[in-house]
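Q: Can you keep this structure in mind? I'll have questions shortly.
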Amino acid sequence: EKGGHEYFMLKEIEEQPEALANTLRGHFVDGRIVLDEQRLAEQDLRDVDKVFVVACGSAYHSGLVAKYAIEHWTRLPVEVELASEFRYRDPVLDRDTLVVAVSQSGETADTLEAVRHAREQKARVLAVCNTNGAQIPRESDAVLYTHAGPEIGVASTKAFLAQIAANYLVGLALAQARGTKYPDEIAREFHELEAMPEAVRRVLGTVDQVRALGRDLSDSKAVLFLGRHVGYPVALEGALKLKELAYMHAEGFAAGELKHGPIALIEEGLPVVVVMPSPKGRAVLHSKLVSNISEIQARGARTIVIAEEGDETVRPFADELIEIPAVPTLLQPLVSTVPLQVLAAEIARSRGYDVDKPRNLAKSVTVE
Ligand code: F6R
């Protein structure tokens, strides 16, 4: 059942190229992005003047990733909020607000209540969901299904990658409705997304290296994760995976915050995972991170660097280098997340824990 794997999570990590391909399939028809269900008029999408993404846990991280792309493509302000906070606030919403509710199960209590809270104020709701006919899509005005297939492992992996892809499709659908991108630009973005299953397949070539690293790190007391721009939510996701699976203290930081506090945590031998942006993207992002790594390395951290193949500048600062394929900046989370999933699973396994069933956690959180 586990397809020859020791635990389901590893099987699900390896199913990610397929999960992405299945999620994208059928959403670009005759040169247009299409959703699965749309119970609102195209004009309503065109009138959207603000976007909220509401979700919990990893799904929330998928929203944080998508914010960069949606704002870039649509020029709409995007706020990403934990559903459990959103529902008890008094968010400023009206009929021109689009609330994107992201949920693998489609049954998460806080996310469902956030949807109801939004609808009471006439906001439009679009669900991104992995479960056909679940409560959240049923109560939404539009739906985009992720097709990750069922996740047995409690920790989200393939559903998370599929959520990022689906959120990007939502961004492209909005850009299309608003005319902030020309049809040929939308087609190009879609085709770049379509190349991602192959890129993820390539990054799976690092599994053995990352598992060996995980065994080596299994006695660590804590692990820090640093990222910038889209690498920041990836760092948060890497830390969440490690907490929930390995019961290890893990924290993700925006690299720019180092000097504002977290650098005080750095001590001899502390493993710090750094998610490097592409050296071919915005030069300033890359050079800032290189200087962050050199600072933490000078203070004795053990640096584990996730960087693009051929990124030579970073090599001298990497105690361990994990190479990922070159992809467009906004799409990098789809590849950079993968080694972090493997790392967390393998550290957990080495510590003797049940990777698929971490203590105290349920797959679907239908109580608050
Ligand atoms: C983490 C994880 C959880 C879920 C969260 C939301 O690995 O699986 O953080 O992402 O409970 O669940 P859904 O997406 O079902 O609403």
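Q: Hey, among the residues in the stretch 318-344 that are in contact with a strand residue (DSSP E or B) (Cβ under 6 Å, 6 or more places away or on another chain) and over 14 Å from Arg202 (Cα atoms), which one's most open to solvent (accessible area, probe 1.4 Å)?
A: Filtering the stretch 318-344 for residues that are in contact with a strand residue (DSSP E or B) (Cβ under 6 Å, 6 or more places away or on another chain) and over 14 Å from Arg202 (Cα atoms), the one most open to solvent (accessible area, probe 1.4 Å) comes out as Asp319.
Q: If you go through the stretch 106-148 one residue at a time, how many are surrounded by fewer than 17 Cβ atoms within 10 Å (Cβ to Cβ) and within 21 Å of Ile33 (Cα to Cα)?
A: So the count comes out to 1.
Q: Applying the selection to the stretch 165-188, what residues are assigned to a helix (DSSP H, G or I) and more than 18 Å from the chain's Cα centre (by Cα)?
A: Scanning the stretch 165-188 gives Ala173, Leu174, Ala175, Gln176, Ala177, Arg178, Pro183, Asp184, Glu185, Ile186, Ala187, Arg188.
Q: Could I ask something else about it? Taking interchain pairs and intrachain pairs at least six residues apart, which have beta carbon atoms under 6 angstrom, with the first residue in the stretch 33-58 and among the aromatic types (Phe, Trp, Tyr) and the second open to solvent by less than 40 Å² (accessible area, probe 1.4 Å) and within 16 Å of the ligand (Cβ to nearest atom)?
A: Phe52/Val99
Q: Restricting the first residue to the stretch 62-78 and requiring it to be open to solvent by less than 30 Å² (accessible area, probe 1.4 Å) and modelled with pLDDT of 95 or more, which pairs with a second residue that is among the small types (Gly, Ala, Ser) and outside any strand (DSSP E or B) meet a Cβ separation below 8 Å and a spacing of at least six or different chains?
A: That search, which allows pairs on different chains as well, returns Ala66/Gly171; Ala69/Gly171; Ile70/Gly171; Trp73/Gly171; Trp73/Ala175; Thr74/Gly171; Thr74/Ala175; Val78/Ala66.
Residues are listed down the side, and each one gets a yes or a no for (1) open to solvent by 40 Å² or more (accessible area, probe 1.4 Å); (2) within 24 Å of the chain's Cα centre (by Cα):
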{"position": "Ala246", "(1), (2)": "no, yes"}
{"position": "Glu251", "(1), (2)": "yes, yes"}
{"position": "Glu267", "(1), (2)": "yes, no"}
{"position": "Val275", "(1), (2)": "no, yes"}
{"position": "Pro279", "(1), (2)": "yes, yes"}
{"position": "Gln297", "(1), (2)": "yes, no"}
{"position": "Glu308", "(1), (2)": "no, yes"}
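Q: Looking at this structure, is Ala175 touching a helix residue (DSSP H, G or I) at 6+ places or on another chain (Cβ under 7 Å), within 15 Å of Ala59 (Cα to Cα), open to solvent by less than 10 Å² (accessible area, probe 1.4 Å) and away from the ligand (no atom under 12 Å from the Cβ)?
A: Here the answer is no, as Ala175 does not meet what is asked.
Q: Go through the stretch 36-67 and give me each residue that's part of a helix (DSSP H, G or I), under 23 Å from Asn22 (Cα atoms) and away from the ligand (no atom under 16 Å from the Cβ).
A: Lys67
The values are calculated or read from the model by the stated rules, or taken from the named source; none is laboratory data. Remember, it's a predicted structure, so these values are computed and weren't measured experimentally. Virtual Cβ from ideal backbone geometry, glycine too; neighbours counted across all protein chains shown. What goes into the accessible areas is simple: the full protein's heavy atoms, side chains included, and nothing from ligands, DNA or RNA. Shrake-Rupley method; radii C 1.70, N 1.55, O 1.52, S 1.80 Å.
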